[in-house]
Structures are given as C-alpha cells and as structure tokens.
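The values are calculated or read from the model by the stated rules, or taken from the named source; none is laboratory data. None of these values were measured; they are calculated from a predicted model. Using ideal geometry, Cβ is built from the backbone for each residue, glycine included, and neighbour counts are taken over all protein chains shown.
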Amino acid sequence: MEKMKLKLLYSDLKSDIDIIEKELEKAVNSSSDLINDASLHLLQAGGKRIRPIFVLLGAKFGEYDIDKMKDVAVPVELIHMASLVHDDVIDDSNMRRGRPTVKSQWNNRVAMYTGDFIFARALEYITKLEDPLVHQILARTMVEICNGEVIQIEDKFRLDQGLKDYFRRIKRKTALLISSSCELGAVAAGVDAKTVRHLKRFGYFVGMSFQIIDDVLDIMATDKELGKPAGSDLLQGNITLPILLLKDDPEMQPYLVKVFAGTLTETERQKMLRYVRKSDAIEQANKMSDKYLKKALQEIDALPKHPVKKKLRDVALFMGKRKF
Amino acid sequence: MNATYIQNSIAQLKTEIFMDVRHRTLQKYTGVPVLDENQLFYLLVPFLNGEEWQQEQREAAITVGIVYAALATHDHIKEFDATSKEQQLTVLAGDFYSGRYYEILAMSGNVALIRSLSQGIVARCEHQIKVYETEKRTIEQWFDSISNIESGLISKFFELYSFSEYIPIMEKSLLILRLEREWATYRRGQVTSMSRALEESARYAGLTYNDVIQNKIVQLKTELLQVIENASFLQSDVKQALQARVEASIASTNG
C-alpha cells in the first residue's frame, strides 16, 4: 500500500525514474560475474530511490535535462548503495530489505570489493560533469558521512549521550546525503544560489525527519515489514531517539542491561518492544520528526513560485508519515 | 641522486599522505594507513628522473598513494571477529581515505584524475574479486590480475601525466616484488587466496607452484634488466638505482 502511494507520488517523474533505473543497471555492469551478481542482487532489492528523486526535484528549478541530471542522480544512489554494502559488514547484518546481504550471501571480502567497485563507479560516472563545485559538494558529503559513521561506532552502547549527540549523528548518517542530493540537482541545473540554499536546507530537514521516522519504525514495524528483526538498531548498540528518551526509565533499564551484555532472549526482545511501543517515547519522537518536517515545509515556502513546490511538499509529507 | 635522497623522497611522500588522511579515532583503532614503500618508490621514479613535477603532479602522486592505502585497508577485513571495533573502523578507514582522495582532487578541480583513478579502482576490484569466482583461469591470467592489483593505479597516473614510458619498468618491478612476497609466504607454510588460485592453475596445467613462480620471477628480472638498460630516457643515476634494486632482489632470492 505504502509502495503504491510512493509510485503514485512519483508518477509524473516515472519516465525519468525508469531512465535512472536502467542507468543504475548499466553503471554496475562489470567484467566480473561475481560483482555483477552482487550488484544486481542489491539493485533488485529495490529501495525508495529518494536521493535520485530529490536530485530531479531540485533540478526542476533550473534548466532541467534528464540526460544531464542522470549523471548526478545515478552516482548519488550508487554512493548510498555502496555505503549500505559496507554498513552490513560493519554491523555483521545478514538481512536487509528482506533479502540476504552481500556479506551473508558471499562473504566480507566480496562485500568490501563490491562496495569499493560501486563507489568507484559512482565517481567515474559523476566525472561526466566537469563543474568542480559538484565534486566539492559530493566529496565533502562523503567525508562527512564517514565521520558520522565513525562517531556512530564510538557512541555505540553508550547511554551517557544526549539528544545533541543523536542529532549530530543522524545529520551525518542520513540528512547530509539527502540535503546534498537536492543541492547537487539544483547546482547541476544552474539554479541561482539563494534557491540552492533553500533546497539544501529543505533536504537537510526532510532527512532529519526521515531518519527519526526510520528509527521509530525500527521499533514499531514488524520483523516481516522490516525484513530484519524489529529493534535491530538497539541490538547492534545504536541508541536511537525512542531508546534515548527511555534510557532513564526504570522499567527499561533491565532490558538495556541485557542488550548491552548480549543476553537478551527472544521473549525478552518481544516484551521490550511491546514496552517501548506503548511508551510516550514514540509519540515524542514523532513530534520531533514533525518539527523537522515543519521546518522543511517552511523552506519550500521560501522557494520561488514553481509547480514542483507541490511535489516537494507531497514527497516530504509522505516521507515524514510513512509506515515502512 | 643517492640512496638517502631516494629514501628521503619516499619518506616525505609518506608524511604528506599521512597528513592528508589523519583522523584521531581511526588512527587510534586502526593505526596509520598501510603504505607500500616500493609502490611509493616507483610512483616517484619520474620525479627522481627529473620530469616536470609541479604542485599538480605532487598532489596527484599523494592521492594515488591515498587510494592504495584505502584499498589495502579493506584488504585487511576478516571473516571472523566481524563486529570488533577495530574491524568496524577498518571498513570506515578505507572509506574515509577514499573520500579524502576525492575531496583533495575535487578541491583542486582535477576531474581528469578523479576519472582515471575511479576507472583504475573499478579494474582493481574486478581483478581482486577473481579469487572468489569459480571460473577456471590460466596462470598468465592470474599474473595479469596481480600486475593490475599492484600497479594499475600508478599506470593510470603515469598515462594521464605523459609518463607512460615508465610503465613497463614499474609494472614488471611491482609484479616481481609481489610474486616474491607470495613465494616467501608460501614457503613459510601460509596460504593466501592468490597463492591458492595460482597453485590450482599450476596443477591444472601439470606444473608445480614453485616452478611457476620461480620461472616467472627469473623471466621478469631478465626482461626488466633489459628494459632498464634500453631506457634512453632514464638518467644514469636513476638507471643505476633501478638496476641496484633488481640486483638486490636477485641476491635476496638466491640467498
């Protein structure tokens, strides 16, 4: 149902998204059968393709040409894909989107080479654009995403952290690439600097809202919907917003002790999830997501008059209210 | 140009690479980046030979070194102890170095080198992953893969900056060094995924691993000495330094 809504939302961009899907397949084409298998395995797992969508929407404010925009949209999605392959090695994850990860289907080394390959293909692809600004934006984003992941590992299993730590982490983990997608599309299409700034900020706020919802869904959704056990973030030591809001709750403490000791049983996981789901931490987290969403909508208001503004609003609202 | 000058040049390049990728947390858990001094030496040969080596070439050489460090870091990822902090940060260290090489070149607007190195990384990954594929390959195909893994990125740099005449010397030298390392590891009773692949192809061709490696090293050294001898573009002191490296390598093999 949610996927249908998403498709409907993108319906007027469908032909351009189809071009990007085909280009993604071409981009990961390799002389190695194993890399082809691993890359196609990833592509077939799907994904919302929100980053390419934001590249295209950002570009609509300028000289929109899909032949040029795909040169930005494809690498942005490839970088996201490559980072997921490496993240699964970091987290030792066996499942993603209901499918075995590359590291579990093959092994860690194959996952590393596949990630490096896709990452390199992304950069090879974006060098079709000569504008140094495009490369500077993307390069800084990549380095910052990496810094964010390093911080995430340092913050793992640490309860002596505050909201500031959490927001700093999700900014780099998710919001930056979405923000840069909007910015890159606009810069590549020759949009004026003021509009680029608003689009960049819009992407940042949407990205923050998106990640908070992602963290809420990790608790609220079923194992089947997630394609992995609910609560996986916490089991891997990542303290997400709902957990952070409950960290001093006396009833939550015994669960956290067991999670950190690696002794939480399946029954206890279910009980813990039920407890968090009923707590007001979920509502509080949703409210924080809404705050970011509101700021994103304010950025849309500041953009010049353009029919694509409605689309940006619809996509932002969908992402902030999504159920998967 | 003497051995000290060469060593200082390599040390300086190393320092510049370390400075460009320094990261407090990564260094604490994963140490400094993995750099192969032989690769750095051959990367610097055009400079040592007096070729045009401005800030652009210097920066380009640094980024080639960073890319090698990024990929070598990922070569250290293990199948066991998968969730140790050290392993997790090793993955990120490689990604961080890759991001940094891109950032350095993006800041100076060197899009051509970004393109060349990306293509080089693509090819290197394709060769590296071959050891996990089921396809039967000949010994010569494995030597091609090793050669690409060791020298492909330096070749990309040489091609872009019109140093192509240095490629045969650099390729043969780095292939010899890698085969010698593989052989030494094998003699110690350790098996790498590459030596396993070579051994299987040798057996399939009715040969032994030892013979295949030894013969190839001898053949490459003979060819290399010839190429150095005939390289009229090399200054005599550079020629001597290159010849001395091959002879030292021959002595260590025989010894």
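For the reader, a short list of remarks on this structure follows.
- Any hit, the range B:146-164, residues being on the phi < 0 side of the Ramachandran plot and either in contact with a His (Cβ under 6 Å, 6 or more places away or on another chain) or at the interface with chain A (Cβ under 7 Å from one of its Cβ atoms) (or both): yes
- Unmet criterion (only one of (1) crowded, with 19+ Cβ neighbours inside 10 Å; (2) modelled with pLDDT under 95) for A:Leu57: (2)
- Residues in the range A:136-160 that are buried (at least 16 other Cβ atoms within 10 Å of the Cβ) and more than 12 Å from chain B (Cβ to nearest Cβ): none.
- Applying the criterion of being in a strand (DSSP E or B) and within 17 Å of the chain's Cα centre (by Cα) to the residues of the range A:92-125, the residue that is nearest to A:Ile53 (Cα to Cα) is A:Arg96.
- Entry remark, the range A:85-101: residues being touching a strand residue (DSSP E or B) at 6+ places or on another chain (Cβ under 7 Å) and surrounded by fewer than 17 Cβ atoms within 10 Å (Cβ to Cβ) number 1 in total.
- For B:Ile6: the one exception among (1) more than 10 Å from chain A (Cβ to nearest Cβ); (2) β-branched (Val, Ile, Thr); (3) within 19 Å of A:Val150 (Cβ to Cβ): (3)
- Number of the exception - A:Lys194 against (1) assigned to a helix (DSSP H, G or I); (2) under 25 Å from A:Arg96 (Cα atoms): (2)
- The range A:1-32, residues that are farther than 25 Å from A:Lys60 by Cα, within 14 Å of another protein chain (Cβ to nearest Cβ) and of a type outside the set (Val, Ile, Thr): A:Asn29, A:Ser30, A:Ser31, A:Ser32
- Selection from the range B:119-138 of residues that are in a helix (DSSP H, G or I) and over 30 Å from A:Glu154 (Cα atoms): B:Gln119, B:Gly120, B:Val122, B:Ala123, B:Arg124, B:Glu126, B:His127, B:Gln128, B:Ile129, B:Lys130, B:Val131, B:Tyr132
- Selection count where residues are closer than 19 Å to A:Tyr10 by Cβ and either of a type in the set (A, V, I, L, M) or out of contact with any helix residue (DSSP H, G or I) (no Cβ under 6 Å at 6 or more places or on another chain) (or both), scope the range A:48-64: 9
- Residue that is surrounded by the fewest Cβ atoms within 10 Å (Cβ to Cβ), among those in the range A:33-45 that are touching a residue at least 60 places away in the same chain (Cβ under 8 Å) and facing another protein chain (nearest Cβ under 10 Å): A:Leu34
Each row is one residue, and each column tells you yes or no for (1) in contact (Cβ under 8 Å) with a residue 60 or more places away in the chain; (2) surrounded by fewer than 24 Cβ atoms within 10 Å (Cβ to Cβ); (3) over 21 Å from A:His80 (Cβ atoms).
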{"position": "A:Leu177", "(1), (2), (3)": "yes, no, no"}
{"position": "A:Gly185", "(1), (2), (3)": "yes, no, no"}
{"position": "A:Ala188", "(1), (2), (3)": "yes, no, no"}
{"position": "A:Arg201", "(1), (2), (3)": "yes, yes, no"}
{"position": "A:Ser209", "(1), (2), (3)": "yes, no, no"}
{"position": "A:Asp218", "(1), (2), (3)": "no, yes, no"}
{"position": "A:Thr222", "(1), (2), (3)": "no, yes, yes"}
{"position": "A:Pro229", "(1), (2), (3)": "no, yes, yes"}
{"position": "A:Asp233", "(1), (2), (3)": "no, yes, no"}
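- Single unsatisfied condition, B:Ser193 versus (1) under 25 Å from B:Asp75 (Cα atoms); (2) surrounded by 13 or more Cβ atoms within 10 Å (Cβ to Cβ); (3) not aliphatic (A, V, I, L, M): (2)
- Residue count for the range A:93-126, restricted to those that are without any contact (Cβ under 8 Å) to a residue 24 or more places away in the chain and either in contact with an Asp or Glu (Cβ under 7 Å, 6 or more places away or on another chain) or at the interface with chain B (Cβ under 8 Å from one of its Cβ atoms) (or both): 7
- Of the residues making up the range B:91-110, one or more are within 27 Å of A:Asp155 (Cα to Cα) and among the polar types (S, T, N, Q).
- Positions within the range B:76-120 being farther than 20 Å from A:Ile90 by Cβ and facing chain A (nearest Cβ under 7 Å), in sequence order: B:Tyr102, B:Glu103, B:Ala106, B:Met107, B:Gly109, B:Val111, B:Ile114, B:Arg115, B:Ser118, B:Gln119
Yes or no, residue by residue, for (1) modelled with pLDDT of 95 or more; (2) closer than 24 Å to B:Leu89 by Cα; (3) in a helix (DSSP H, G or I):
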site	(1), (2), (3)
A:Lys128	yes, no, no
A:Leu133	yes, no, yes
A:Gln136	yes, no, yes
A:Val143	yes, yes, yes
A:Phe157	no, yes, no
A:Tyr166	yes, yes, yes
A:Leu184	yes, no, yes
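- Restricted to the range B:1-115, the set of helices (runs of 4 or more DSSP H) holding at least 2 residues that are surrounded by fewer than 16 Cβ atoms within 10 Å (Cβ to Cβ) comprises B:3-20, B:24-30, B:55-74, B:85-107.
- The range B:121-136: number of residues that are crowded, with 20+ Cβ neighbours inside 10 Å, within 8 Å of chain A (Cβ to nearest Cβ) and not charged (D, E, K, R): 5
- Matching entry among B:Glu140, B:Glu59 (being of a type outside the set (Lys, Arg) and over 23 Å from A:Ser31 (Cα atoms)): B:Glu59
- Some residue of the range A:127-134 being over 20 Å from the mean Cα position of the chain (by Cα), within 16 Å of A:Leu24 (Cα to Cα) and at the interface with another protein chain (Cβ under 8 Å from one of its Cβ atoms): yes
- Per the conditions (1) at pLDDT 95 or above; (2) within 14 Å of another protein chain (Cβ to nearest Cβ); (3) over 19 Å from the mean Cα position of the chain (by Cα), the sole criterion not satisfied by A:Ala82 is (3).
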